Amino acid sequence: MDDSLPLSLRSQGYPASPIRKLIPYAKAAEAAGHKVFYLNIGEPNHDTPAAFFQPIHAYQTPHLPYEPSQGHPELLIAIQGYFQRLGYPLEKHHLQVTQGATDALLFSLFTIANSGDDILTFEPFYPNYLAFTAQLGLTLVGIPTTMENAYALPSLEEMETYLTPKTKAILISNPSNPTGRIYTEEELKRIVNFAKKHQLWIISDELYHTLTFAGKKATTLLAYQKVYPAIVVIDSVSKRYAACGARIGCLINTHTPFMECIFQLGQSRLGVSLLDQLGAAALYRLENPSLAHLPALYEARRDKVINFLSAYPWIHYVKPEATFYLMLSLPIHDSNHFCTWLIEHIHLDGERVLITPAENLYVTPGKGKNEVRLALVLEEEPLLRAMNILVYGLQQYMTLFEPLNPSRPVHE
Ligand SMILES: Cc1ncc(COP(=O)(O)O)c(C=O)c1O
């Protein structure tokens with residue numbers, strides 16, 4: 001095949017995943033006999049509940065048919081049951097089963113915006129938001145939130161300065177990947193008022209809504225769908241049930257024309273994996289999930305890591321209230337360079353660490369260059385070994401490359 005065969009301009013401008021792009025360095029280190037601590041991907045390191053596998057093992061039919069495009073009836077009922085238990089009864093025609101939250105986000109953006117339109121989101125953001133908008137020819141517009149301000153959301157007036165005639169939606173992750181922040185009730189009202197005032201859609205990505213700490217709760221925007229139907233709520237089994245490989249999620253909305261388009265999109269991709277839907281139905285049915293202890297476990301990990309890092313005044317962070325992510329501000333100028341250098345050059349007793357550079361968690365030029373994201377998805381002991389490698393690497397890096405000296409307060 002001729003290497004000069006042209007590809008689309010779209011494909012050439014497509015952003016590399018900052019979470020995955022350094023994996024080849026980690027694989028090379030492993031091939032050379034080293035151990036790598038993967039803190040780049042937010043994949044829970046726990047067993048998926050056994051309930052997931054039971055219907056799959058019990059499946060006896062000697063054939064795998066297409067399932068209804070909206071979703072397997074058992075899964076739809078199980079999702080309704082889950083949200084009913086949370087206090088949000090859902091009509092079946094307000095639900096679409098998707099291949100993870102990913103599919104739900106793409107379907108929603110496709111249905112809401114034309115290519116060339118703007119989608120607002122708060123920076124730093126889950127980096128695939130940039131990939132999804134790029135796929136659809138949309139512009140992702142970042143509204144900054146900062147570590148210095150504990151990632152508080154800006155005022156309505158400030159949000160309004162990011163509007164253009166092409167703005168169609170605001171996309172939020174609550175609790176937030178990557179900051180671990182839970183939006184306050186007042187902030188959620190502000191987002192809803194902002195959207196109502198300017199006739200925008202809200203896409204509320206709520207994957208981490210049960211992974212909250214210290215008794216704090218995240219409010220789902222399902223609570224606001226009655227007063228403002230242009231709210232799409234997205235859920236997935238990936239994180240809550242440690243079932244990233246199932247690729248099952250759903251979207252929820254009450255606006256009939258929107259859902260009709262979503263159902264058509266569902267039909268054009270035929271259906272979602274039957275066996276994974278059966279397993280996911282068993283997960284959504286769990287009344288007392290065997291993973292109910294997870295938030296406390298993630299909270300304990302967060303505390304261990306923060307306690308370790310607090311000894312280094314040049315490492316800044318805001319204590320996350322939820323999720324298993326931690327953003328760090330470091331005395332570095334180029335997080336891509338640092339994270340690559342770290343995995344390539346630094347090991348302690350044959351152990352290395354892979355983390356995510358944060359530059360691509362922003363669209364505002366220059367932002368995130370001194371930040372990294374950690375996914376705290378290891379047990380406490382290896383996590384602390386990984387932190388040791390990170391700090392040792394950082395100390396070496398500061399002697400080799402001119403360090404940045406941020407004089408920022410640490411919020412805890
Ligand atoms: C905020 C957020 N949205 C969506 C996704 C994708 O989730 P899924 O595995 O359900 O496609 C992730 C995965 O990390 C995420 O963190």
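The values are calculated or read from the model by the stated rules, or taken from the named source; none is laboratory data. Bear in mind the structure is a predicted one, so any value in this text is a computation, not a measurement. Methodologically, a virtual Cβ is constructed for each residue, glycine included, from the backbone with ideal geometry; neighbour enumeration extends over all protein chains shown. Just so you know, the surface numbers come from the protein's heavy atoms only, side chains and all, with ligands and any DNA or RNA stripped out. Shrake-Rupley method; radii C 1.70, N 1.55, O 1.52, S 1.80 Å.
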Legend entry - Per residue, in Å², the accessible surface of segment 39-163 once ligands and nucleic acids are set aside, probe 1.4 Å: 43
Legend entry - Relative contact order (%) - the chain, alpha-carbon pairs under 8 angstrom, separation at least six: 24
Inset, instruction - Measure out, as a whole number of angstrom, how far apart the alpha-carbon centroids of segment 174-206 and segment 5-21 sit. - result: 29
Inset, instruction - Name all residues of segment 316-347 having a backbone nitrogen under 20 Å from the label point set 7 Å from the Cα of Ala28 along its Cα→Cβ direction, giving them as ranges. - result: 334-347
Legend entry - Full-stretch length increase - Gln54, Lys35 - with 0.36 nm per residue and alpha-carbon distance subtracted: 3.5 nm
Inset, instruction - Quick one: order Phe37, Phe263, Phe110 from most to least accessible surface, probe 1.4 Å. - result: Phe110, Phe263, Phe37
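Over segment 50-285, what per residue volume does the convex hull of the Cα atoms give, in whole Å³?
Convex hull volume per residue, Cα atoms: 122 Å³.
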Legend entry - Segment Ala150-Ser268, extension gain: residue separation times 0.36 nm, minus the distance between their alpha carbons: 38.2 nm
Inset, instruction - Please give the length that would be gained between Asp47 and Glu185 if that part of the chain were fully extended, namely 0.36 nm times their separation in residues minus their C-alpha to C-alpha distance (nm, one decimal). - result: 46.4 nm
Inset, instruction - With both partners inside the chain, how many of the DSSP beta bridges are antiparallel, as a percent to the nearest 5? - result: 45
Inset, instruction - Quick one: of Lys226/Lys304; Lys92/Lys304; Lys226/Lys369; Lys166/Lys369, which pairs are farther than 32 Å apart, Cα to Cα? - result: Lys226/Lys304; Lys92/Lys304; Lys226/Lys369
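Could you work out the relative contact order of segment 50-285? I mean the mean sequence separation of Cα pairs under 8 Å and 6+ apart, divided by the number of residues, in percent.
Averaging sequence separation for qualifying contacts and normalising by length gives 32 percent for segment 50-285.
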Inset, instruction - In nm, give the distance between the simple-model label positions of Lys196 and Lys304, each being 7 Å from the Cα along the Cα-to-Cβ direction. - result: 4.5
Inset, instruction - Return one number: the angle in degrees, 0 to 90 and rounded to the nearest 10, between the long axis of the Cα atoms of helix 73-85 and the longest principal axis of the Cα atoms of the chain. - result: 70
Legend entry - Size of charge dipole - segment 280-412 - debye, nearest 20, with Cβ of Lys, Arg +1 and Asp, Glu -1, no other charges: 240
Inset, instruction - Sort Arg20, Arg373, Arg302 by accessible area with a 1.4 Å probe, largest first. - result: Arg20, Arg302, Arg373
Legend entry - Packing-based order for 252-262, 305-315, using average beta carbon neighbours within 10 Å, highest first: 252-262, 305-315
Inset, instruction - Please give the calculated 222 nm ellipticity per residue for the chain, where each DSSP H segment of at least 4 residues contributes -39500 (n - 2.57) and the sum is spread over every residue; nearest 500 deg cm²/dmol? - result: -10500 deg cm²/dmol
Legend entry - Degrees between helix 185-198 axis and first principal axis of the chain (Cα, 0 to 90, nearest 10): 60
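Of the beta bridges DSSP finds with both residues in segment 50-285, what % are antiparallel, to the nearest 5?
Once the DSSP bridges in segment 50-285 are tallied, antiparallel ones form about 30 percent.
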Inset, instruction - Kindly express, to the nearest 10 degrees and within the range 0 to 90, the angle between helix 335-345's C-alpha long axis and the longest C-alpha principal axis of the chain. - result: 70
Legend entry - In nm, spacing of pseudo-spin labels at His93 and Leu400 (7 Å Cα→C-beta vector): 6.2
Legend entry - Residues in segment 11-27 that a label on Asp3 would reach, taking backbone N under 20 Å of a point 7 Å out along Cα→Cβ: 11-14
Legend entry - Alpha carbon convex hull of the chain, projected area averaged over orientations, nm²: 22.3
